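J.: I'd like to ask you about the structure that follows.
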Amino acid sequence: MFRRRTTTEPAPAETVTEPAPSDRVGGKGRPTPKRREAEQARKTRVSAPRDRKEAMRQQRDKSRAERLKMQQAMATGDDRYLPARDKGPVRRFVRDFVDSRRTPAEYLLPYFLVIFIFMTLPIPSVRVIATYLWLVAIIVVPLDLIFLSRRLKKQLREEFPNESHRGAVSYGVMRSTQIRRLRLPKPQVRPGGKPMNKD
């Protein structure tokens, strides 16, 4: 009963579990990366900054490239690189709507400059004329802007009934008060609604 066993039982064999296909490295468990993805990953590893100075240089280069793209978009109207204020089909429609017509407001700055010059002349009759010109400006320009905003609201409701028009009318009114050559993004249509790249 208390006798030591002379024979030892064989230890149970260890079971070797084969790794699941998803655990295999480089096996069939995961899709082979495409060449383009592998190239992008390699470029990312190569371009990783080695120190703080290199990181700052890369950040400056990236910012410079983004600014160049934005400047080009301001000239061509490319919606991909425009600022958030100018992006979207609604804002593009507003710009084309305003740029396709001449408005008294776009001549307001040079008009006021002429009035200022007249007011400085020591000739009473010229000063009287400048006063009347001033009155004409402060009456005609606001009325024209009111009519412009109403027409723009109507067109937006017809063209984009399911999209938000928030800020679009004020965006168009502000653009109409700018001198045409100084508007950004640059106009893509001529007065009358003709595209700039066509005769």
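J.: Considering Ile129, Ile146, which residue is assigned to a helix (DSSP H, G or I), among the aliphatic types (A, V, I, L, M) and exposed (fewer than 13 other Cβ atoms within 10 Å of the Cβ)?
T.: Numbers: Ile129 fails: exposed (fewer than 13 other Cβ atoms within 10 Å of the Cβ).
After ruling out the rest, the residue left standing is Ile146.
J.: Which one of these is within 26 Å of Met70 (Cβ to Cβ) and aliphatic (A, V, I, L, M): Val136, Val141, Val126, Val90? If you could, list the steps in order and put the result at the bottom.
T.: Working: Val136 fails: within 26 Å of Met70 (Cβ to Cβ); Val141 fails: within 26 Å of Met70 (Cβ to Cβ); Val126 fails: within 26 Å of Met70 (Cβ to Cβ).
Among Val136, Val141, Val126, Val90, only Val90 is within 26 Å of Met70 (Cβ to Cβ) and aliphatic (A, V, I, L, M).
J.: Check Arg101, Arg190 and return the single one that is among the basic types (Lys, Arg), modelled with pLDDT under 95 and more than 30 Å from Arg67 (Cβ to Cβ).
T.: Residue meeting the stated conditions: Arg101.
J.: Could you check Ile138 against (1) farther than 21 Å from Tyr107 by Cα; (2) exposed (fewer than 14 other Cβ atoms within 10 Å of the Cβ) and say which number it fails?
T.: The failed condition is (1).
The values are calculated or read from the model by the stated rules, or taken from the named source; none is laboratory data. Nothing here was measured: the structure is a model prediction, and the numbers come from that model. Heads up, the Cβs are rebuilt from the backbone with ideal geometry, glycines too, and the neighbour counts pull from every protein chain shown.
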